[in-house]
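Undergrad: I have a structure here, written as structure tokens, and I will follow up with some questions on it.
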Amino acid sequence: MSHALTPRLAFLLTLPPLLWAGNAVVGRLAVGAVPPIALNFSRWLLAFVLLWPLGRQALANRQALASRWRYLALLGLLGMGSYNALQYMALHTSSPLNVTLIAASSPVWMLGFGSLLYGVHPSRRELGGAVLSLIGVALVIARGQPSRLAELQFVPGDLLMLLAIVSWALYSWLLARPPAHMQGSQRPDWDWAGFLLVQISFGLLWSGGMAGIEAVVSNDAHWHWTPWVPALLVYVAIGPSLVAYRCWGLGVSTVGPSIAAFFGNLTPVFAAVLSTALLGEAPHWYHGAAFALIVAGIWLSARGRG
């Protein structure tokens with residue numbers, strides 16, 4: 001059951017979009033330097049090493065892992081093995097504008113899967129919040145000029161981003177509505193670090209296999225080391241991975257995926273601000289307007305679940 005939105009929950013759900021916006025910028029910078037699936041595997045391998053001292057006890061309970069491997073393998077596939085790999089691949093073939101637009105459909109997928117798979121039907125307030133939030137995102141994408149939206153052209157890589165968002169929506173619902181063996185007294189005694197390390201472990205199996213296939217079949221699966229590549233890897237392993245997934249897991253399990261999805265729409269706003277900051281440009285009026293619309297959407301949807 002979801003709970004009312006509090007300032008703490010709002011912070012927990014706002015930090016991941018900020019870190020993920022940085023991840024999108026970094027992912028774009030990595031094009032031509034690091035193969036996309038190899039980047040995803042390296043990201044989670046480094047995250048595994050960093051988290052090992054805190055969560056290694058969870059991996060020692062082999063019986064708990066063996067009896068829950070299907071659920072854990074699915075979490076690893078959707079949250080670590082697929083989502084980020086598809087996003088990095090999309091940044092190779094799609095424009096940042098298109099990727100942001102497709103990512104903005106996240107609340108629709110969250111509400112849709114909640115209704116279809118879990119019987120959680122969206123309220124009128126949530127639907128209204130979705131409309132406000134999407135208008136805000138569209139305002140950023142169009143840079144304050146709605147006519148720009150009609151000029152968008154979609155390419156095959158856009159399908160990869162659509163699959164990524166579907167993967168993320170399913171992952172979020174699996175966290176919020178785990179099976180019986182992951183609830184109450186049946187849940188293993190895993191703290192946040194242990195549970196995340198377990199997910200990463202299963203995710204590494206998927207991402208490692210995919211990276212191996214990429215190395216064999218892709219002509220562009222070559223690393224081009226530059227001084228900033230190590231810094232890039234450290235950032236994606238700590239910020240968008242460990243910190244963001246920890247905060248997102250807490251927020252989603254408490255307030256529910258439907259409301260959490262609206263916070264995800266802050267990502268393009270943060271991405272626009274980060275991009276303008278890197279270019280030395282001041283934010284425009286539509287960044288502030290979009291932020292206000294998205295916050296209004298969050299507030300409206302949260303009132304429906306309070």
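The values are calculated or read from the model by the stated rules, or taken from the named source; none is laboratory data. Please read these numbers as outputs of a predicted model, since none were measured by experiment. Backbone-built Cβ (ideal geometry, glycine too); neighbour counts: all protein chains shown.
Undergrad: What is the number of the single condition among (1) at pLDDT 75 or above; (2) in contact with a His (Cβ under 7 Å, 6 or more places away or on another chain) that VAL140 does not meet?
TA: Condition not satisfied by VAL140: (1).
Undergrad: Could you go through the range 143-154 and let me know if any residue there is within 18 Å of the chain's Cα centre (by Cα) and in a helix (DSSP H, G or I).
TA: No; the residues of the range 143-154 include none that is within 18 Å of the chain's Cα centre (by Cα) and in a helix (DSSP H, G or I).
Undergrad: Kindly indicate whether any position in the range 143-157 is surrounded by 19 or more Cβ atoms within 10 Å (Cβ to Cβ) and closer than 24 Å to PHE263 by Cβ.
TA: Taking every residue of the range 143-157 in turn, none turns out to be surrounded by 19 or more Cβ atoms within 10 Å (Cβ to Cβ) and closer than 24 Å to PHE263 by Cβ.
Undergrad: Which residues, taken from the range 104-135, are surrounded by fewer than 24 Cβ atoms within 10 Å (Cβ to Cβ), among the small types (Gly, Ala, Ser) and at pLDDT 75 or above?
TA: Selection gives GLY112, GLY114, SER115, GLY119, SER123, GLY128.
Undergrad: Right, here's the next one. Does LEU159 satisfy the criteria of being in a helix (DSSP H, G or I) and closer than 23 Å to LEU13 by Cα?
TA: no
Undergrad: Just checking: which of the helices (runs of 4 or more DSSP H) contained wholly in the range 183-258 hold 2 or more residues that are without any contact (Cβ under 8 Å) to a residue 40 or more places away in the chain?
TA: The qualifying helices (runs of 4 or more DSSP H) are 192-217, 229-237.
Undergrad: Go through the range 62-81 and give me each residue that's farther than 26 Å from ALA169 by Cβ and either surrounded by 15 or more Cβ atoms within 10 Å (Cβ to Cβ) or within 24 Å of the chain's Cα centre (by Cα) (or both).
TA: Listed by number, the list holds a single entry, ALA64.
Undergrad: Determine, yes or no, whether ALA244 is at pLDDT 80 or above and among the small types (Gly, Ala, Ser).
TA: It is true that ALA244 is at pLDDT 80 or above and among the small types (Gly, Ala, Ser).
Undergrad: For the range 19-47, what are the residues that are surrounded by fewer than 20 Cβ atoms within 10 Å (Cβ to Cβ) and assigned to a helix (DSSP H, G or I)?
TA: GLY22, VAL25, ARG28, LEU29, LEU45, LEU46 - these are the residues of the range 19-47 that are surrounded by fewer than 20 Cβ atoms within 10 Å (Cβ to Cβ) and assigned to a helix (DSSP H, G or I).
Undergrad: Could I ask something else about it? Within the range 1-18, track down each residue that is of a type outside the set (D, E, K, R) and in a helix (DSSP H, G or I).
TA: PRO7, LEU9, ALA10, PHE11, LEU12, LEU13, THR14, LEU15, PRO16, PRO17, LEU18
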